[in-house]
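Since the structure comes first, as structure tokens, the remarks are kept for the end.
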Amino acid sequence: MTITSSNATQTLTTCDVLVVGGGPAGSAISALLAEKGWNVHVLEKDRHPRFHIGESLLPHSLPMLKRLGVLPEVEKIGIPKYGAEVVSPYHGRSRMLYFSKALDGSQPFAYEVKRAEFDKILFDNAVGKGVHVHEGVRAKRVEFRPDSMHLVQAEDRTGQALTYEAKFVVDASGRDTFLSGQFGGKYRNPHHNSAAVFGHFEGVKRLPGTDEGNISIVWFDHGWWWIIPFKDGTTSVGAVCWPSYISTRKVPLEQFLWDTIALCPPVAERMARAKLVGHAYAAANYSYRRKTMSGDGYLMIGDAFAFIDPVFSSGVHLALNSATLGADVVDAYLRKSSEYQRCVREFERTVRLGVKTYSWFIYHFTQPAFRHLFMSEGSIFKMEEAVLSVLAGDAFGKSPTRIPIFLFKIAYYLVYLFNFRENWTAYRRRIKGVLETVTDVKDYAVIHRP
């Protein structure tokens, strides 16, 4: 059907659900809603496959991938990840943390995946289940009309205006935070701020044996590093730093990345024979959140609601979880079910709990007291097992982690007080970084590529 205005002829597409964004969150919720019989359309501004970070999956994501029907395909592209290596130059050693030792050992491994391949699997899965996808189309604005269909204005890469009419709108636009751009209400995280520089490399030294696929997390003076191996032999390597450090860059980004590698001997040693594949990338000031995530006829899922820091690889996991819960919310709304309000409350409670659970660990991760606890061998009161449960993705209260995690936090603050001056200095540096911004790099995740 077409509608004609004085400016142009536009195509009007009508659907039950319009999803903005075709990343993991958008692909997952659209596939689940299509399974429930709804007419779903997805607008994705880019085209798959496209580069993205967040390449280390968590064990508790695997049941959701199985539910979506994509786990066999993910297994084909992924390298098994049985745990995480934490490396502390301050202690002169490393330590391997295995998911099998978590309180709930039912999910003892995950996978490292290239997001270009992983995201395309989820996207194609949605298509296979009947979702109508529109790549190269950017949503511009929504006109919410109470008790009526909502109008979504969009534009393709040629500049052609498009209009979609939907009963429900899902914002799964990731760091573009589409609805926040229209509503406002998105604010920089008052507790944390960071920026990153990263790339894909060949020739990076790997861990031996079955540990080959494990992620390595390395502390250094300006933040921390990730080293994520892929099945094809390449490796994702990146530094998450205080904005004050990124702002010192006076050289091209690729050279700055190599200069930063040289500042961390454990990373430099593993990359002695490494070569950059493609480009170096940067992401600036990417810690944010908003207070609301739902309203009459709309929902925000995944990074469209909040993003903190990738240190615990929680991004894809939180996206899939919010998509799974969000599908029940949208379904109840469209059916005018009496369970709708309950579904919304459960959705918001669980999503906020996951963000809150990871936030505490992320805020304290670079503190000397945290490093000391993570590098300490042995476990009392099942504290280590509970922390491993969180690292594995059990961040929503399903396992009895509450008391052991509470005791871990007490232990942290006691160690903090024992070395107060060192920890206070580190804390002041982190808080100072919250107020700083990086303005001289473009964020790879929000560039609109023609």
Q. Between Trp424 and Asp211, what FRET efficiency follows from the Cβ-Cβ distance if R0 is 35 Å, with the result rounded to 0.05?
A. 0.45
Q) Looking at the range 1-133, what % of the alpha carbon pairs are farther apart than 22 Å? A) 51 percent
Q.
Please list, ordered by chain and number, the residues whose modelled amide H lies under 5 Å from the amide H of Leu162; skip anything fewer than 5 residues away on the same chain.
A. Ala154, Glu155, Asp156
Q) How far, in degrees from 0 to 90, does helix 340-364 lean away from the longest principal axis of the Cα atoms of the chain, to the nearest 10? A) 30 degrees
Q: Place +1 on the Cβ of every Lys and Arg and -1 on the Cβ of every Asp and Glu in the range 263-347, take the dipole about the Cα centre, and give the residue among Ala304, Leu263, Val329 whose Cα lies farthest towards its positive end.
A: Leu263
**Q.** Per-pair calculated FRET efficiency, R0 = 35 Å: Gln182 and Thr248 via Cβ, rounded to 0.05
**A.** 0.50
Q) According to the Cα gyration tensor, what semi-axes, each the square root of 5 times an eigenvalue, does the equivalent ellipsoid of the range 320-363 have, listed from largest to smallest in whole Å? A) 26, 9, 4
Q: Determine which lysines satisfy two conditions relative to Lys66: a Cα distance under 28 Å, and not lying fewer than 8 residues away in the same chain.
A: Lys36, Lys45, Lys76, Lys81, Lys101, Lys114, Lys120, Lys129, Lys231, Lys356, Lys398
(Q) Expected output is a single nm value to one decimal: the length gained when fully extending between Ser148 and Ala262, i.e. 0.36 nm times separation in residues minus the C-alpha distance. What is it? (A) 35.2 nm
Q: Set the Förster radius R0 to 35 Å, insert the Cβ-Cβ distance between Thr11 and Asp232 as r into 1/(1 + (r/R0)^6), and round the FRET efficiency to 0.05.
A: 0.30
Q) Where the centroid of each part is defined by its Cα atoms, how far is the range 165-225 from the range 22-67 in Å? A) 16 Å
**Q.** Modelled label reach - Asp296, point 7 Å along Cα→Cβ, the range 13-46 residues with backbone N closer than 19 Å
**A.** 17-18
Q) Using a Gaussian network for the chain with springs between C-alpha atoms less than 10 Å apart, which of these wobbles most: Ile29, Ile431, Ile215? A) Ile431
(Q) With n ≥ 4 as the cut-off for DSSP H runs, can you work out [θ] at 222 nm for the chain, using -39500 (n - 2.57) per run divided by the number of residues, rounded to the nearest 500? (A) -11000 deg cm²/dmol
(Q) Looking at the chain as a GNM with Cα springs under 10 Å, which of Phe347, Phe178, Phe406 has the largest mean-square fluctuation? (A) Phe406
Q. Using alpha carbon centroids, what distance separates the range 83-160 and the range 356-400, in Å?
A. 24 Å
Q | Hydrodynamic radius of the range 224-316 per Kirkwood, over alpha carbon pairs, in Å | A | 15.7 Å
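Please return the longest range in the chain lying between exposed loop sites, taking GluC sites (Glu not before Pro), DSSP loop only, at most 14 other beta-carbon atoms within 10 Å, and leaving the sites out.
For GluC sites (Glu not before Pro) (loop position, at most 14 other Cβ atoms within 10 Å), the longest site-free span of the chain is 1-338.
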Q. For the pair Gln341 and Glu135, how long in nm is the line joining their label points, each one 7 Å along Cα→Cβ?
A. 4.4 nm
Q) Using Cα-only point scatterers and the Debye equation, what is log10 of I(q)/I(0) for the range 87-160 at each q in 0.20, 0.25, 0.26 Å⁻¹, rounded to two decimals? A) -1.06, -1.15, -1.14
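Quick check of the Kirkwood formula: for the chain, what is the inverse mean of 1/r over all pairs of different Cα atoms, in Å?
22.7 Å
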**Q.** Listed residue (Val131, Ser244, Gly203) projecting farthest to the positive dipole end of the range 118-266, Cβ model
**A.** Ser244
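Every number here is computed from the coordinates shown, using simple stated rules; none is lab data. Just so you know, these numbers come straight off a predicted model, no measurement behind them. Cβ atoms come from the backbone with ideal geometry, glycine included; neighbour counts cover every protein chain shown.
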